[in-house]
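Asks: Have a look at the structure that comes next, please.
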């Protein structure tokens, strides 16, 4: 685990910073809401808001009660950071 902005994020959810020449992360397990949520945080930190939105919408399709994903989507919408 690695801390990003005070949150514990599994390393599988981290996206390389581009300096190492690495690629994207491996796809998450199809029903693992936490992995999609954390990958959404990583995308948000890289300012890839469209990908963050996609992952957080996937989280809600897996677990509609996942409050943090819903809050992050609302923040994107409020700040017009991704097309809705």
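Asks: Of these, 16, 28, which one is surrounded by 11 or more Cβ atoms within 10 Å (Cβ to Cβ), modelled with pLDDT under 95, in a loop (DSSP other than H, G, I, E, B) and in contact with a helix residue (DSSP H, G or I) (Cβ under 9 Å, 6 or more places away or on another chain)? Spell out the reasoning first.
Replies: On the way: 16 fails: in contact with a helix residue (DSSP H, G or I) (Cβ under 9 Å, 6 or more places away or on another chain).
Of 16, 28, the one residue that is surrounded by 11 or more Cβ atoms within 10 Å (Cβ to Cβ), modelled with pLDDT under 95, in a loop (DSSP other than H, G, I, E, B) and in contact with a helix residue (DSSP H, G or I) (Cβ under 9 Å, 6 or more places away or on another chain) is 28.
Asks: Mind checking which pairs have a first residue in region 51-62 that is closer than 11 Å to residue 37 by Cβ and a second that is modelled with pLDDT of 95 or more and surrounded by fewer than 17 Cβ atoms within 10 Å (Cβ to Cβ), Cβ under 7 Å, 6 or more apart or different chains?
Replies: From region 51-62, the pairs are 60/70.
Asks: Residue 76 fails exactly one of the following numbered conditions: (1) modelled with pLDDT under 95; (2) surrounded by fewer than 17 Cβ atoms within 10 Å (Cβ to Cβ); (3) assigned to a helix (DSSP H, G or I). What is the number of that condition?
Replies: (2)
The values are calculated or read from the model by the stated rules, or taken from the named source; none is laboratory data. Since this is a predicted model, take the numbers as computed values, not measurements. We place every Cβ from the backbone using ideal geometry, glycine too, and count neighbours over all the protein chains shown.
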